[in-house]
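Right, one structure below, let's go through it.
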Amino acid sequence: MSSPLLEYPRGPRLSLREFRPDDLLAWQRIAGDPRVAAHTPWPALATPDTAGAWLSETARMAQLQPRRSFYLAVEQYGDLIGSATLDILSFPHRQGEIGVYLRPDRWAEGLGTEASRLLLELAFSRLELHRVQTTVDPRNTAGMRVAEHVKMRPEGVLLDRFLVGGQWQDRAMYAITMPEWRGGGRGGAHAAGAAGDAGAAGAGAAAEPATGVPGEAPAAEAAEGFDAFSKPAAGPGPGGAATPTTVSFEGGPEEPVLGAPVPPEADEQHADAEQEAREKFADGAFDDDEESEPQVLTAQIVMEQIEVVHILPREP
């Protein structure tokens, strides 16, 4: 069965594809191996029936629109050697999670790193996700080395993350963002804060008198991409800047966007509106029927309104 959405990335030794019904016995030997199942979030697929049920569920999820789960077969020169998974955790926030499970006789050959890079190319270059994470059994030191090899950062340990076979299992969390994958620094508020600090430092340096010490040349920017087959293609945008291809996630769940910042202008407007309301209350000229302009209330404004109610005397 071919993917209804795209062709999957290929590496020097590995390729990704959809699972097929004729993979049943080979996949059952892999997923039923206790050495593999020791680090999976599901029990060993010890029989052809359990492996067949897993493949059927994988095929069903592949047909969902929008598609959230990519449970793909990993092939080495036409031989099925494992699975590579990508789950989209959030469409609006462009978050994903990856996992790689390989046949034990293919361990310690660098194939887990190659498969992980193919998944990151799928996530960032093809699906335009912003952040991808993976969770690894802390006892699986080889798995944690794979996460580090593909430049993922450790983000802590999730205690009792999975209940497998009646036993709770912890997971070490690793993650990488699209700017990091492309060879730059961290994105989001972290990058904005760093840029603000750098700008403030530059402004301070410009204001200082010359001391006669020669300045250092600016460091060259880091090259984008960290290997030949994981660099996303980008076309020239306005001003010659690279512009990534955009992908629509229409049809996904509408998840709330939390913590949206309020610009300074809005804070000033809120302060003016509060002062005006205080004056109206003090003059007794407040009209309950008067329509007020819509405002975005922050926690600070709500607290100040509560204080106003407590301070003002009640009308008889």
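The values are calculated or read from the model by the stated rules, or taken from the named source; none is laboratory data. None of the values given here were measured: they were computed from a predicted structure. Positions of Cβ are backbone-derived with ideal geometry, glycine not excepted, and every protein chain shown enters the neighbour counts. When the accessible area is computed, the model is the full protein with side chains, heavy atoms only, and any ligands, DNA or RNA have been set aside. Shrake-Rupley method; radii C 1.70, N 1.55, O 1.52, S 1.80 Å.
Taking residues in segment 44-68 that are in contact (Cβ under 8 Å) with a residue 12 or more places away in the chain and open to solvent by less than 40 Å² (accessible area, probe 1.4 Å), and partners anywhere that are in a helix (DSSP H, G or I) and among the acidic types (Asp, Glu), the pairs with Cβ atoms closer than 7 Å and at least 6 places apart or on different chains are LEU55/ASP23. Only a single item in (1) under 20 Å from MET178 (Cα atoms); (2) out of contact with any Phe, Trp or Tyr (no Cβ under 9 Å at 6 or more places or on another chain); (3) β-branched (Val, Ile, Thr); (4) part of a strand (DSSP E or B) is not met by ILE88, and it is number (2). Scan segment 140-154 for residues that are free of Cβ contacts under 8 Å to residues at least 24 places away in the same chain and either β-branched (Val, Ile, Thr) or open to solvent by less than 20 Å² (accessible area, probe 1.4 Å) (or both) and the total you get is 1.
Residue-wise test of (1) surrounded by 19 or more Cβ atoms within 10 Å (Cβ to Cβ); (2) free of Cβ contacts under 8 Å to residues at least 12 places away in the same chain; (3) out of contact with any strand residue (DSSP E or B) (no Cβ under 6 Å at 6 or more places or on another chain).
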site	(1), (2), (3)
THR85	no, no, no
PRO92	no, no, yes
VAL100	yes, no, no
THR134	yes, no, no
PRO138	no, no, no
GLY156	no, no, no
GLN167	no, yes, yes
MET178	yes, no, yes
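The single residue among VAL146, VAL157 that is in contact with a helix residue (DSSP H, G or I) (Cβ under 7 Å, 6 or more places away or on another chain) and either farther than 16 Å from GLY99 by Cβ or assigned to a helix (DSSP H, G or I) (or both) turns out to be VAL146. Of all residues in segment 26-40, those that are within 11 Å of ILE81 (Cα to Cα) and crowded, with 20+ Cβ neighbours inside 10 Å have Cβ atoms under 8 Å from Cβ atoms of residues that are modelled with pLDDT of 95 or more and among the charged types (D, E, K, R), 6 or more apart or on another chain, in ILE30/ARG103.
Conditions tested, residue by residue: (1) farther than 17 Å from ARG17 by Cα; (2) in contact with a Cys (Cβ under 9 Å, 6 or more places away or on another chain); (3) part of a strand (DSSP E or B).
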| site | (1), (2), (3) |
| --- | --- |
| PRO43 | yes, no, no |
| ALA46 | yes, no, no |
| GLY52 | yes, no, no |
| SER56 | no, no, no |
| ALA59 | no, no, no |
| ARG67 | no, no, no |
| ALA73 | no, no, yes |
| LEU80 | no, no, yes |
| ALA84 | no, no, yes |
